[in-house]
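The values are calculated or read from the model by the stated rules, or taken from the named source; none is laboratory data. Keep in mind the model is a prediction, meaning the values are calculated, not measured. Counting neighbours? That spans all protein chains shown, and the Cβs are built from the backbone with ideal geometry, glycine included. Protein only, heavy atoms only, side chains kept; ligands, DNA and RNA dropped before computing areas. Shrake-Rupley method; radii C 1.70, N 1.55, O 1.52, S 1.80 Å.
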Amino acid sequence: MTAPAETHEIFDHERASWYADPRSAFDSWMAHQAFKASSADVYRAQWGLFLEWLTVKRINLRTVDRLAIEQFVTQLEIRKPQRVRYLRLIERVLDHVREIEMASTNPARFIAQDGEAPWRDARENEPTGFLAHGERAALISYLFSPIGDLSAGQRWRERRDRALVGVFLGGGVKTGEAAALTVSNYLWNQPWLSVEATNSALSRETRLAPFAIALLDHWISERKTSRLLGNLLFPSAPSGRPMHKATMLRAIDAVIEAAGIADSRTARASPQTLRNTFAADLFESGTAPERVGQWLGFQQQISAHRLYRAWQNWTGEQIRERDVAEAQESSREANHRFQ
């Protein structure tokens, strides 16, 4: 259905304000975001630096492209995790300004998805990422928190997005696989999710964590109540059309931020991070790497063992960081006693 002319005029006016005065427009946009005050101050500083760089390069929001954004992020004398934060902010703002659906129209999102981009060549590039125990617990807690007073459309999308996180974090599914799942791939209250491939020999079943089963059951019930069309398990609209990867990434970002773990992380909690964390939880429970690799869909056992070693290294680093933090706290307490 075509939006009323008045709606188009409102959006056109807002978009024009971004092009005419992007700093003030950013402040107005920030006022409607659920950011903590400390985070908002950081975002304003980051956005201001980006605008200053665009001015020097004689580029504006209308003409900025992938190359320009990549040059900006690459020239920042900061570590890779901080570059990711700049890129994430620019990506989110351009999503709003351009109201896009396809990833290719947002140059910042395209760069963020490019695993070989030059901007990643920074100090302390991070190895395979996982959620820490506290982050995983906080995310799962949020997934079962009350949804609140939402419209019918907002409600089913929120249920869908939470179930999406569930199949990533509790089933190890990839984004492309999640987009292709149908309602027949999951049976109510069962611990198995069928993941089909074009080559039937590559199809598999993954074992769902209990919380993922509950989230899928909630979503299936909501899906029926909302009478969504089509057979896709995770449609993007009532008509049943598939979710684009960009839409899925935005949905995951929104859930991660709402769960309160985005600001505490130095790297983006992507669907791949959630998939890795699914494997980490299994490794910690004693599940053999070969079995984990089977549920993840790895075709070679070496891939599963490589992920297992990455998890071991990450776990060791987590323990070292905890020991350092505890030692520093003990030192502060001792100094306080002797003052």
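If we scan the range 116-134, do we find a residue that is of a type in the set (A, V, I, L, M), at pLDDT 85 or above, buried (at least 19 other Cβ atoms within 10 Å of the Cβ) and not in a helix (DSSP H, G or I)? Don't jump to the end; show me each part of the working.
Of the residues in the range 116-134, the ones of a type in the set (A, V, I, L, M) are 117, 122, 131-132.
Now narrow it down to the ones that are at pLDDT 85 or above: 131-132.
Narrowing further to those that are buried (at least 19 other Cβ atoms within 10 Å of the Cβ): 131.
Right, trim to not in a helix (DSSP H, G or I) and you get 131.
So far as the range 116-134 goes, yes, one or more of its residues are of a type in the set (A, V, I, L, M), at pLDDT 85 or above, buried (at least 19 other Cβ atoms within 10 Å of the Cβ) and not in a helix (DSSP H, G or I).
If residue 65 passes every condition in (1) of a type outside the set (Ser, Thr, Tyr); (2) modelled with pLDDT under 90; (3) more than 13 Å from residue 90 (Cβ to Cβ) but one, which one does it miss?
It fails just one condition, (3).
Taking residue 249 as the residue in question, decide whether it is modelled with pLDDT of 95 or more, surrounded by 14 or more Cβ atoms within 10 Å (Cβ to Cβ) and closer than 25 Å to residue 144 by Cα.
Criteria not met by residue 249.
Does residue 152 satisfy being at pLDDT 95 or above and aliphatic (A, V, I, L, M)?
no
List, please: which pairs have Cβ atoms under 7 Å, are six or more places apart or on different chains, and start with a residue in the range 77-104 that is surrounded by fewer than 20 Cβ atoms within 10 Å (Cβ to Cβ) and end with one that is at pLDDT below 70 and β-branched (Val, Ile, Thr)?
98/105
Assess whether residue 216 counts as being assigned to a helix (DSSP H, G or I), within 21 Å of residue 156 (Cα to Cα) and in contact with a strand residue (DSSP E or B) (Cβ under 7 Å, 6 or more places away or on another chain).
Yes; evaluated as a whole, the condition is true for this residue.
Criterion first (modelled with pLDDT of 80 or more and either among the acidic types (Asp, Glu) or assigned to a loop (DSSP other than H, G, I, E, B) (or both)) does residue 101 satisfy it?
Considered against the rule, which asks whether it is modelled with pLDDT of 80 or more and either among the acidic types (Asp, Glu) or assigned to a loop (DSSP other than H, G, I, E, B) (or both), residue 101 comes out as no.
Test each condition in (1) touching a residue at least 24 places away in the same chain (Cβ under 8 Å); (2) open to solvent by less than 70 Å² (accessible area, probe 1.4 Å); (3) not in a strand (DSSP E or B) for residue 206 and report the one that comes out false.
Status for residue 206: all satisfied but (3).
Please verify whether residue 309 is more than 20 Å from residue 135 (Cβ to Cβ), modelled with pLDDT of 95 or more, open to solvent by 50 Å² or more (accessible area, probe 1.4 Å) and assigned to a helix (DSSP H, G or I), treating the condition exactly as stated.
Working: more than 20 Å from residue 135 (Cβ to Cβ): yes; modelled with pLDDT of 95 or more: no; open to solvent by 50 Å² or more (accessible area, probe 1.4 Å): yes; assigned to a helix (DSSP H, G or I): yes.
In short, no.
Search the range 219-246 for residues being among the small types (Gly, Ala, Ser) and either over 22 Å from the mean Cα position of the chain (by Cα) or assigned to a helix (DSSP H, G or I) (or both), and hand back the single one that is surrounded by the fewest Cβ atoms within 10 Å (Cβ to Cβ). Talk me through it step by step, then tell me what you get.
Kept after step one, since they are among the small types (Gly, Ala, Ser), are these residues of the range 219-246: 221, 226, 230, 236-237, 239-240, 246.
Then keep just the ones that are either over 22 Å from the mean Cα position of the chain (by Cα) or assigned to a helix (DSSP H, G or I) (or both); that gives 221, 226, 230, 239-240, 246.
Numbers: 221: 12, 226: 16, 230: 14, 239: 9, 240: 12, 246: 20.
In this case the residue turns out to be 239.
Pairs, please: C-beta under 8 Å, at least 6 apart or cross-chain, first residue closer than 24 Å to residue 140 by Cβ and charged (D, E, K, R) and in the range 212-239, second open to solvent by less than 30 Å² (accessible area, probe 1.4 Å) and assigned to a helix (DSSP H, G or I)?
The qualifying pairs are 222/156; 222/160; 223/156; 223/160.
I need the full set of residues from the range 190-203 which are assigned to a loop (DSSP other than H, G, I, E, B) and under 24 Å from residue 283 (Cα atoms), in order please.
Residues satisfying the conditions are 190, 191, 203.
Checking residue 25 against (1) over 22 Å from the mean Cα position of the chain (by Cα); (2) surrounded by fewer than 15 Cβ atoms within 10 Å (Cβ to Cβ), only one condition comes out false. Which one?
All conditions pass for residue 25, except number (2).
What are the pairs with Cβ atoms under 7 angstrom where one residue, in the range 284-299, is open to solvent by 20 Å² or more (accessible area, probe 1.4 Å) and the other, located anywhere, is polar (S, T, N, Q)? Sequence gap at least six, or different chains.
290/301; 295/206
Based on what the data block shows, is residue 295 part of a helix (DSSP H, G or I) and at pLDDT 95 or above?
yes
In the list 269, 279, which residue meets the criterion of being of a type in the set (A, V, I, L, M), under 27 Å from residue 163 (Cβ atoms), in contact (Cβ under 8 Å) with a residue 40 or more places away in the chain and assigned to a helix (DSSP H, G or I)?
279
Just a yes or no: is a residue in the range 262-271 of a type outside the set (A, V, I, L, M, F, W, C), under 20 Å from residue 33 (Cα atoms) and loosely packed, with under 15 Cβ neighbours inside 10 Å? Working first, answer last.
Start the filter on the range 262-271 by keeping residues that are of a type outside the set (A, V, I, L, M, F, W, C), which leaves 263-266, 268, 270-271.
Those left that are additionally under 20 Å from residue 33 (Cα atoms): 263-265, 268.
When the remaining residues are screened for being loosely packed, with under 15 Cβ neighbours inside 10 Å, the result is 263-264.
Scanning the range 262-271, I find at least one residue that is of a type outside the set (A, V, I, L, M, F, W, C), under 20 Å from residue 33 (Cα atoms) and loosely packed, with under 15 Cβ neighbours inside 10 Å, so the answer is yes.
With the requirement that a residue be surrounded by 13 or more Cβ atoms within 10 Å (Cβ to Cβ) and in contact (Cβ under 8 Å) with a residue 60 or more places away in the chain, what does the range 28-65 give you?
Matches in the range 28-65: 29, 39.
Considering only the range 154-190, how many residues are among the charged types (D, E, K, R) and either open to solvent by 50 Å² or more (accessible area, probe 1.4 Å) or more than 14 Å from residue 144 (Cα to Cα) (or both)? It would help to see each step written out before you state the result.
Step one: list which residues in the range 154-190 are among the charged types (D, E, K, R), which gives 155, 157-162, 174, 177.
When the remaining residues are screened for being either open to solvent by 50 Å² or more (accessible area, probe 1.4 Å) or more than 14 Å from residue 144 (Cα to Cα) (or both), the result is 155, 157, 159, 174, 177.
Of the residues in that region, 5 qualify.
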